[in-house]
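Beneath this line is the structure, given in structure tokens, with notes to follow.
What follows draws every value from the coordinates through simple rules; no lab data is involved. Everything numeric here is computed off the predicted structure, so don't read it as measured data. Cβ sites come from the backbone with ideal geometry, for glycine too, and all protein chains shown count toward neighbours.
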Amino acid sequence: MAIPSGSGTEVLKVALTAGVTNAESVVLGGVANHIYTILSVTLCETAGAAETFDMYVDDNAGGTDYEILSDSALGANETFVYNDRLVLSGTDALCVALASAGNVDVVVSYIDQDWT
């Protein structure tokens, strides 16, 4: 994506994903000509069973994954908050997957800069 030079919008948003399991879940999917600044990611285990999870960026939704968190522990009925800033651009996707078939809800707070 080129560096924007025109006018655009900047909006605070939230992405909600319920029931993440051991399959890849895209918790924030990017769109061309957007820049996303992720402020926080909150994961809450809702099935009463301890889990481990991976959080990663799928570069341009092309299948090349870059791990942010790997095999991170999430206790039964506990909440994990990741609040380091991340930036995604274009069609990058933020993904979460559990190590087993559990049940985790994910909330992503982010700023969406739209340059379309």
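Of the strands (runs of 3 or more DSSP E) lying entirely inside the stretch 28-100, those containing at least 3 residues that are more than 19 Å from ALA15 (Cβ to Cβ) and not charged (D, E, K, R) span 64-74. Does the stretch 22-32 include one or more residues that are crowded, with 16+ Cβ neighbours inside 10 Å and farther than 22 Å from SER72 by Cβ? Yes, because at least one residue in the stretch 22-32 is crowded, with 16+ Cβ neighbours inside 10 Å and farther than 22 Å from SER72 by Cβ. Just one of the listed residues (ASP54, ASP58, ASP65) is over 30 Å from SER7 (Cα atoms), buried (at least 16 other Cβ atoms within 10 Å of the Cβ) and among the acidic types (Asp, Glu), and it is ASP54. Return yes when ASP59 is in contact (Cβ under 8 Å) with a residue 60 or more places away in the chain and of a type in the set (D, E, K, R) and no when it is not. No: the conditions fail for ASP59.
Taking the stretch 101-110 as the range and being buried (at least 21 other Cβ atoms within 10 Å of the Cβ) and assigned to a loop (DSSP other than H, G, I, E, B) as the test, only GLY102 passes.
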